[in-house]
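Comments concern the structure below.
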Amino acid sequence: MTKDACTPFGGRKHVYPVRRPLYLFVKDLFETMGKVEQIEGEVRSLSSDELRTVRDWFTRYDAEIWDRQIEADSKAGKLRALADRALADHQQGRSTIL
């Protein structure tokens, strides 16, 4: 946003925004909008079939990310305490067959 320097009160310098056309303001707003807001806008404009396709893709993508995270946590030993507790509970009869 461009600014003009003014000295309206007692010679103190203040900076005030210059009026800009609304379309330029809106253009700048959309250019600086975050990715999430842009994606939300795009999703809202999808047809039912397109939305179903995106939903199916995202479900698969989200599951893949989850699987990778679980695998990484397992390799790093982050799940060992949970596994040990589950085994101990089972050995003490605090589990049920699914």
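The C-beta contact set for segment 82-96 (first residue at pLDDT 90 or above, second residue surrounded by 11 or more Cβ atoms within 10 Å (Cβ to Cβ) and not in a helix (DSSP H, G or I), distance under 6 angstrom, 6+ apart or interchain) comprises Asp89/Ser95.
Asp28 falls short on exactly one of the conditions (1) without any contact (Cβ under 8 Å) to a residue 12 or more places away in the chain; (2) over 20 Å from the mean Cα position of the chain (by Cα), and that condition is (1).
The values are calculated or read from the model by the stated rules, or taken from the named source; none is laboratory data. Just so it is clear, the structure is predicted and the values come from calculations on it, not from any experiment. Reconstructed Cβ throughout: ideal geometry from the backbone, glycine too, with neighbour counts over all protein chains shown.
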